[in-house]
1. Out of G463, G442, report the one residue that is in a helix (DSSP H, G or I), touching a Ser or Thr at 6+ places or on another chain (Cβ under 6 Å) and under 24 Å from F321 (Cβ atoms).
2. Pairs needed: first member in segment 113-136, within 27 Å of V84 (Cβ to Cβ); second member anywhere, among the hydroxyl-bearing types (S, T, Y) and in a helix (DSSP H, G or I); C-beta distance under 6 Å; at least 6 residues apart or different chains.
3. Just for segment 415-430: of the residues that are without any contact (Cβ under 8 Å) to a residue 12 or more places away in the chain and over 20 Å from P331 (Cβ atoms), which one is least open to solvent (accessible area, probe 1.4 Å)?
4. Considering T227, T252, which residue is under 22 Å from G122 (Cβ atoms), touching a Pro at 6+ places or on another chain (Cβ under 9 Å), touching a residue at least 40 places away in the same chain (Cβ under 8 Å) and not aromatic (F, W, Y)?
5. Every residue in segment 360-377 that is of a type in the set (F, W, Y) and open to solvent by 100 Å² or more (accessible area, probe 1.4 Å), please.
6. If you check every pair at least six apart or on different chains, which have Cβ atoms under 6 Å apart with a residue in segment 447-472 that is hydroxyl-bearing (S, T, Y) first and a residue that is in a loop (DSSP other than H, G, I, E, B) second?
7. Considering only residues that are assigned to a helix (DSSP H, G or I), in contact (Cβ under 8 Å) with a residue 60 or more places away in the chain and open to solvent by 40 Å² or more (accessible area, probe 1.4 Å), which ones fall in segment 35-51?
8. Within segment 216-226, is there a residue that is in contact with a helix residue (DSSP H, G or I) (Cβ under 8 Å, 6 or more places away or on another chain), among the β-branched types (V, I, T) and surrounded by fewer than 21 Cβ atoms within 10 Å (Cβ to Cβ)?
Amino acid sequence: MQFNRKIMDSYKITLGYIGILTMIIGGMLLLPLLVLVAYPDELRYAINFIIPAAIALLIGYWLSFLIRGEKNHKLTLRQDTVIVVSVWLMATFFSALPFMLSGQLNFTQAYFEAVSGWTTTGLSVVDVTVTPKVYLLHRSIMQFFGGVGLVLVMLSALSGTYGMRLYNAEGHSDKLLPNLAKSARIIMSIYAGYVLAGIILYVTFGMPWFDAINHSIGALSTGGFSTQTDSIGAYKSFPIELITIILMLLGTINFAAHLLLIKGKFRNFFRIGEIRFMFAFLGFSIPIAAFVSLNGIYGSVSEGFRISAFQLISALTTTGFSTVTYNSWSPFCIFIMIIAMLIGGGTGSTAGGIKQNRIYLMVKAFYWNLKRKFLPEHLVHEDFIYRPEGKVYIDQKHLTEVYNYTFIYMVLFFLGVSVMVAYGYSLQDSLFEFASSLGTVGLSVGVTLPTTPSVVLWTEIVGMLFGRLEIYVILIAVIKFFKDAKSIIVTEK
C-alpha cells in the first residue's frame, strides 16, 4: 500500500489557501470591537470575540506554512470548490462562537445566525431589543464580507495562481479588468463607497448613526439584518425607505454593471438583459399587488403602492427588509412575494435566488423557440443577450445549464418545504419561509423564531448555504472530497 503523492500535494495547497482565508476570518472577528469606542460599557463582551479570533488566526497561520515558498501551486480538477466550501464552513463556525461564548444562543441558534449573516439572508433568532451593540455590528460585518465573498476579500489584498478558479467557485462571474486582483480592489472600492454614501444619507434624514451603519451594510449586501424589531418600518420615513430601495437595487446588480454606471455608459447599462427583466418584473408586479391585493388594507392607493413597491423590491433583491407585517395580506399577494424571492437578484451580485439572468434566458428561449415556428426551417440564426461585457451568443449548452440549475433549485425548494410542512407549519407559511431561506432573502411570516424546532432551523441553514454558494459548488465539493479520500491510498498489486 502506498499514498497517492499527487493528491496529497494538492491538498497541501488546499490547506494552505484555507489557512490564508482563515486568518482573514480571524481578523474580521475583531472588527466589531471598534464599536467599544462609542459603547465602552460593552467591553466585557470583548473576550467572546478575541478567543475565536485568536484561534482562527493561529490555525490559519499554521496552515499557511504549507504553501509558503511554494512556486508551483497545483490543484487538481475541482479542488477549488473544496477550498471555498471549507472556508465558508470555517467562517460560519468561528462567527457563531461569540454568540455561544456569551450564553445568548445555543449552538444551533448561534450557527443559524452566523450562516444567515454570511449568506446575507437576514433571518434571525436574536432579540435585537436586548442584544448588545457589539453583536449587532458583528452580524452586519458578516453580511458586508459575505456579500462580496471571502475569496474576493483575499484577492483584493493578495494574488494567487488559482485566484480565478477560487473566484468563480464562490459564485462571481464579473472580472472588471484583465488583472483579477485589481478587479477585486475596484469591486471592494465600489461596495465600500456605496455603504459610506448610504450611511451619510441615512444620518441626514434622521436615522441614528449606529442604525445607519447597520442598515446601509444590510441594504447593499442584500442582507437585511436590522437593529429594530420592525425593521425599516420602525422609522416611518419615506426618505429612509427610498434610500433603502436605492441601496437594495444597487446591491442586486452585477458588480461589472456598476462600472458601466460609474463611467456614465447608461445606454449599455440599460441594454443588459437582466436589468431590463428586473424593471419589467417590478413594473408588472408592484401595481398588481398594490391595486389587486393591498387596495383598501392600508387606507389609500398611494400607501398601498408605496408598501407594495418596498416589499417586492426587498423580495426580488433578496434583501429582506420590511415596513409591514404580512398578517393581513391576501394569499395572492403572498404568492407574488414567493415568486419574487425564488427569482432573486442579478448574477454576480450580493443577491441570492435562481437569479434574474437565468429566468430571463428561459423567457428568451421560449420566445426564440416560438419565433422559429414561423421561420423557414433551414434559416441560420444566432440568439444572443446583452450582459455587462457586451453581446453574448447563446447556444444549447447555456440553456441546458440554466434548465438543470433551475430544476435542482426547485427540487431543493420542495424538499425544504416538505420538512416544514411535516413539522406542522401551513403550506403557505412553509413555501414563504423556505423561499426566503433558499433565496437568502430574510423575510419571515413568523416561522423562524428562537423557539423554532432545531430540525427546521437546520433545514433553513442547509437552504441558505446552498442558496449562497449556488448548489453546484457544494455538490461538486462533496463529491470531489470523497473521491479524493478514496483515491489517496493506492493499493499495490
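The values are calculated or read from the model by the stated rules, or taken from the named source; none is laboratory data. As the structure is a computational prediction, the values presented were derived from the model and not from experiment. Note: ideal-geometry Cβ built from the backbone for every residue, glycine included; neighbour counts use all protein chains shown. Ligands, DNA and RNA are stripped out before the accessible areas are found, and what is left, the full protein with its side chains, is counted by its heavy atoms. Shrake-Rupley method; radii C 1.70, N 1.55, O 1.52, S 1.80 Å.
1. G463
2. Pairs found: A114/T92; A114/S95; V115/T92; W118/T92; L123/S116.
3. A422
4. T227
5. Answer for segment 360-377, where residues must be of a type in the set (F, W, Y) and open to solvent by 100 Å² or more (accessible area, probe 1.4 Å): F366, Y367, F374.
6. T448/L123
7. Initially, segment 35-51 is screened for residues assigned to a helix (DSSP H, G or I), giving 35-37, 40-45, 47-51.
Those still in the list that are in contact (Cβ under 8 Å) with a residue 60 or more places away in the chain too: 35-36, 42, 45, 49.
Hit for segment 35-51 is Y45, nothing else.
8. no
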